[in-house]
Amino acid sequence: MQFLHTAIHLQKPIAHLNDSPFLQQFKKTSNKFPVHIPPHPIPFLPHPPPHTPHSPLPNTPRQPECHPPQRQAITVLCPLIDLLILSFGRAKEGSAVPEVEMAVRLSVVVHLQTDGVARGDSGLTWRGTFPQMTQVSVCFRVFLLQTRETNYVVSYAIESHSNEIFVEPVTVVKIAGQEIRFGCCGDKVYQTFGMDVPLMTWIQVCFSLDIGARTLRFQSSEQEGVAMSLSRSPPESVSAGGLLMLGQDQDTVGGSTEAAQSLHGYLQDLVILNRSLSGAEMKAFTACARWGGWASVLVDFRNIEEAFSFGAVTSVVDLGYGDACVGLRVNVALFPETRDFQSSRFFCEALGGSVVLPRRQLENDYVTYLGKKYCEGARMWLGAEYQPGREYVETGTNHTLAYESWDHEVKGMDNSFAVLYTKRAIGERNWGISTPERKLCTTCGHTEPFALKVRGLCKETKFDKKFLIHSYSNRKPAFVGFVSSNLTWIAYNITQDLFAGYWRLFLTARPDIQAEMVMETRYSYPVGTHTWAVSNDICAGDVKKLKFTTCGAGMFTCDDGSCVNVTLRCDKKVDCADSSDEERCNPVLIPAGYDRAIPPPFIEHTFPADIVIEVDFRFIRTIQISDFSLSLDLRLSRRWKDGRLRFRNLRANMSQNVVEDLRQVWLPELTLAGADHLVADANERKELNFVDRQGQPLEDDDAELDEDQLYSGAQNDLIAVREYTLQLQCYYNLAHYPFDTQRCPLYIILAKYTSDLFIVRINKFGFSGNQRHHEYVVRDIFVTNLTLDNYAAQRLELVLRNQYIYYISAAYVPSCMLLVISYLTYFFDVEDFSNRVTVALTSLLVLATLFSELVGGLPKTSYLKLIDVWFLGCIVASFLMVMCLVIIDKRKKEGVGKKFAGQWAVTSVEPQGKVGGGAKKARGCRGVSRTQLNAVLKIAIPVVFGAFVILYCAFVMNALSG
């Protein structure tokens, strides 16, 4: 087949173009090699069916008809003729097309590995030989359908050097990742050029090497030319006599090819020359401008069958609309199920695109062709809607339509959308309008290939994790994996019911490794989350959920395939239409094989590991002094790290990272004990679990079903919060009661693990509740770190001070008042004994009664309390005052009728038996009267009782300072 580059001066209607001489030559040679029509690739479909005669649109020339015999002979040419007509503009019927000089190029496209299976025996082998060269140029267009470990386009080897190490005189062009590499001449020329190398997109490049000038130039369709000087010692030349292979890497001449170093895709317009192309020539090639007629061409696709040996599953194909130089820049996928407009829009957005809207005639013809072939209905939705005041605009952007093809004058109607009539002939005006509730075919468009990622497969899976929509299977779009998988629709009986079947994911080289999607409805697509039955894959589990998504970084995929911002995930607000953003929200991810009985591994090999505790006393319920017990409420939280776990979607606010259940996770067990380490009775009232975000999120793991932000358990704390009511033992010392201060211990002991493995550390403690009990108030809390029987523990001592104000008002003040009343009797008339003693006795009795009542409510102890001492002193004082009153009255009665009534006196003492001058006379003191004695007691009683009070207060102050 000849490679045709001919300039044509069109001076007559295009309908006569088939009679041109160069076409006659092409017809003669077009049947010399096999032509394979691929099964409807997308967006590169076969040429549209032959046009049927129809009334031309206004200002549109009649298009030529490609009749079946002609179609067989010029299977590549007809679609290009169609495109040429479209490019000329519109003219009246029967008028001559304006004279236009343009290049008509009949391209040959080779499909490598048509079955999609990586293999080492595919590709093309050139039958010629290279001469020795000091200049060489390589140009080609390549369309990668899948990627291999390396994607070799050209490999040239001689006996002394293999491809693999790029030794002289190997010329290799290899595409991988985001760069394209050129190597030559035994590694003496090796250069990498950065550029995007996406799948299912035409890549058009040229290399030009001039060894004498020591320059290497590179040109692609996406960037300006690059010229580089050879930095290494330049080779003398490219050696002659080697073997050229296309689509395979050869490690020995013609052999040692590998499936992993092959090419799966389309190769078009390959040209190798033994001269250096100019920058203008390279740019013309990559821009699909006029090129050809080049001198010194060694290899091209003219007479391809005679020039090349075809490997396995390698054939020449007709891409029609998909030709590299056709210029179709939209990716379109038609789905035969009918939907209303909003459902169609939602579905297309879930695929990362939008409802298709052609922006030029070529795109409209292409969409029409798809509709004719795959839409059983007569209409499909277009992405245009009526906007009052602006007529029809693009849906979603509200931009004015750049192109329109209404079949008649359209009158705007509220709530109406554009549709395309699929039954109209290609090239005719075929747009109309419809209301959104109608169910029509859905066609989605995108500026990039439709790409889906798979989540939920393990890292070792054999399946691909990235897919592109390309071609059709059983009249539904097929999904092609980046490397080795296909996802296609399997219909049970396509002639009777297209929509009865299932989606099947399989390896092209190993069809037994497969997964079948469980169909929720007849119209389900592998978009969003679905259940799959997996067979023979390395990942564990025969049934698992997988998620196919088009959502980008920072987005969460709802189960229906729609996208929302990942920050809206698990925020207690429904953002997905199916509420799936608020499902699977437990922040703790437990790996397979996790054993909660085994403590977590040590972080960074630090021994012992920390268990951080926070204690918050909330309320003192009861203080049972008689039972030596204390009942209180406290909040106890434990913090620890478990490197085996991972957390997801943690918020900066810890209260939003709630863990519903920690029963499957290792939890540090704590024992709570009171005095003498007696275990407390603990009644758990509330359980809360959190994760405290401290570290940075990990890299996204597509083995997880959801696009969650994951955090390592080694960098973020698990927090278990428990609220208890505790009944503690506490030994009370009441010697200073009611001015006593009690100290009640609480021991927190880490059970099961000795202190060389784990330690307990209290980070925070306090009393956040009401610190006042009706009798005691919390004065302070002390913490002591200790070890009990080789177990780490913490001792918290709760200091309680008695609120003695009650006793001052109820005991001390009344008792003092009674003593004062008793004392006041000494100011009564000394002759009024009856009233004096009555008042004093009454005070004594009242004081005794008060003491009896207070003692009945006080704890009974074997020792005296300060309050006992007080009452005992008061009663004794009151009793002594009564006794003094009696003594005063007694003195009065014994002195009645004597000369010195009411007085006692001693005048002299004379020994018996001695009278007269031998005797000595003893002089005595004068007697004390009742009034004088009463006056003395008025002073003595306050002094003595005051001394008692001072001594008592000293003991009280000592007690209060303790």
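Between Asp789 and Ile494, how high is the FRET efficiency from 1/(1 + (r/R0)^6) when r is the Cβ-Cβ distance and R₀ = 56 Å? Nearest 0.05.
Values: r = 77 Å, r/R0 = 1.37.
The formula returns an efficiency of 0.15 here.
Which whole-number percent is the relative contact order of the stretch 614-695 (Cα, under 8 Å, 6+ apart)? The partial results should precede the final answer.
Values: 74 pairs, mean separation 21.1, N = 82.
The value is 26 percent.
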Suppose each label sits 7 Å from its Cα in the direction of the beta carbon; what would the Leu824-Thr400 distance come out to in nanometres?
10.9 nm
For the stretch 289-436, with the dipole built from +1 on Lys and Arg beta-carbon atoms and -1 on Asp and Glu ones, taken about the Cα centre, which of Leu334, Gly412, Ala425 lies farthest toward the positive end?
Gly412
Over what distance in Å are the Cα centres of the stretch 673-729 and the stretch 813-854 separated?
66 Å
Å² of accessible area per residue within the stretch 109-317, as computed with a 1.4 Å probe and no ligands counted:
35 Å²
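Provide the per residue accessible area, probe 1.4 Å, for the stretch 609-802, rounded to a whole number of square angstrom. Show your work: numbers first, answer last.
Numbers: 8590 Å² over 194 residues.
Heavy-atom accessible area per residue stands at 44 Å².
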Projected area of the stretch 451-550, taken from the Cα convex hull and averaged over every viewing direction, in nm²?
5.9 nm²
Relative to the present Cα-Cα distance, how much length would full extension add between Ser229 and Glu684 at 0.36 nm per residue of separation?
156.0 nm
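Quick check on the stretch 609-802: take the gyration tensor over C-alpha atoms, sort the square-rooted eigenvalues as a ≥ b ≥ c, and tell me if it's rounded (a/c under 1.5), prolate or oblate.
Details: a/c = 2.94, a/b = 2.16, b/c = 1.36.
Here the stretch 609-802 falls in the prolate category.
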For Ser862 and His774, what does the FRET efficiency come to when R0 = 22 Å and r is the distance between their Cβ atoms, rounded to the nearest 0.05?
0.25
Sticking with the crude label model, points 7 Å out along Cα→Cβ, report the distance from Gln715 to Lys372 in nm, one decimal please.
5.8 nm
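Identify the trypsin sites (Lys or Arg not before Pro) of the stretch 292-376 meeting these criteria: DSSP loop state and at most 12 other C-beta atoms within 10 Å of the C-beta.
On the way: sites: Arg302, Arg329, Arg339, Arg345, Arg359, Arg360, Lys372, Lys373; in loops: Arg302, Arg329, Arg359, Arg360.
The qualifying sites are Arg329.
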Ranked packing of 946-953, 510-517, most packed first, by mean Cβ within 10 Å:
510-517, 946-953
Could you state the number of Å between the C-alpha centres of the stretch 449-516 and the stretch 237-302?
33 Å
Cα centroid distance between the stretch 599-664 and the stretch 534-561, in Å?
36 Å
Within the stretch 636-666, report the trypsin sites (Lys or Arg not before Pro) that DSSP leaves as loop and that have at most 13 other Cβ atoms within 10 Å.
Arg663
Keeping all protein chains in place, calculate the accessible area per residue for the stretch 332-445 (probe 1.4 angstrom), answer in Å².
39 Å²
Tell me whether the stretch 109-317 comes out rounded, prolate or oblate; compute the Cα gyration tensor, take square roots of the eigenvalues as a ≥ b ≥ c, and use a/c under 1.5 as the rounded threshold.
rounded
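How would you order 562-570, 484-492 from highest to lowest mean count of nearby Cβ atoms within 10 Å?
Numbers: 562-570: 18.6, 484-492: 20.2.
Per-residue mean Cβ counts within 10 Å order the peptides as 484-492, 562-570.
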Once phi for every residue in the stretch 816-826 is put through the Karplus expression 6.51 cos²θ - 1.76 cosθ + 1.60 (θ = phi - 60°), the whole-Hz ³J(HN,Hα) values, with Gly and Pro written as x, are 5, 5, 5, 5, 5, 4, 4, 5, 5, 5, 6
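Set the Förster distance to 22 Å, then compute FRET efficiency between Ala295 and Gln132 from the Cβ-Cβ distance, nearest 0.05. Display every interim value, and only then the final one.
On the way: r = 18 Å, r/R0 = 0.82.
Step by step, r from the Cβ atoms, then E = 0.75.
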Percent of accessible area on the stretch 279-432 owned by carbon and sulfur, 1.4 Å probe?
45 percent
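How much length would be gained if the chain were fully extended between Thr531 and Arg359, taking 0.36 nm per residue of separation minus their Cα-Cα distance, in nm to one decimal? Write down the numbers at each step before the final one.
Values: separation 172, 0.36 × 172 = 61.92 nm, distance 3.85 nm.
Here the answer is 58.1 nm.
Please give the length that would be gained between Thr931 and Leu667 if that part of the chain were fully extended, namely 0.36 nm times their separation in residues minus their C-alpha to C-alpha distance (nm, one decimal).
Numbers: separation 264, 0.36 × 264 = 95.04 nm, distance 8.45 nm.
Result for the pair: 86.6 nm of gain on full extension.
So which chymotrypsin sites (Phe, Trp or Tyr not before Pro) in the stretch 700-795 are both in a DSSP loop and have at most 15 other Cβ atoms within 10 Å of their Cβ? Numbers along the way, then the final one.
Numbers: sites: Tyr711, Tyr724, Tyr731, Tyr732, Phe739, Tyr747, Tyr753, Phe758, Phe765, Phe767, Tyr776, Phe782, Tyr791; in loops: Tyr731, Tyr732, Phe739.
Answer in residue order: Tyr731.
The values are calculated or read from the model by the stated rules, or taken from the named source; none is laboratory data. What you are looking at is a predicted structure, and each value in this text was computed from that prediction instead of being measured. Methodologically, a virtual Cβ is constructed for each residue, glycine included, from the backbone with ideal geometry; neighbour enumeration extends over all protein chains shown. Calculation scope for accessible area: heavy atoms of the full protein, side chains included, ligands and nucleic acids excluded. Shrake-Rupley method; radii C 1.70, N 1.55, O 1.52, S 1.80 Å.
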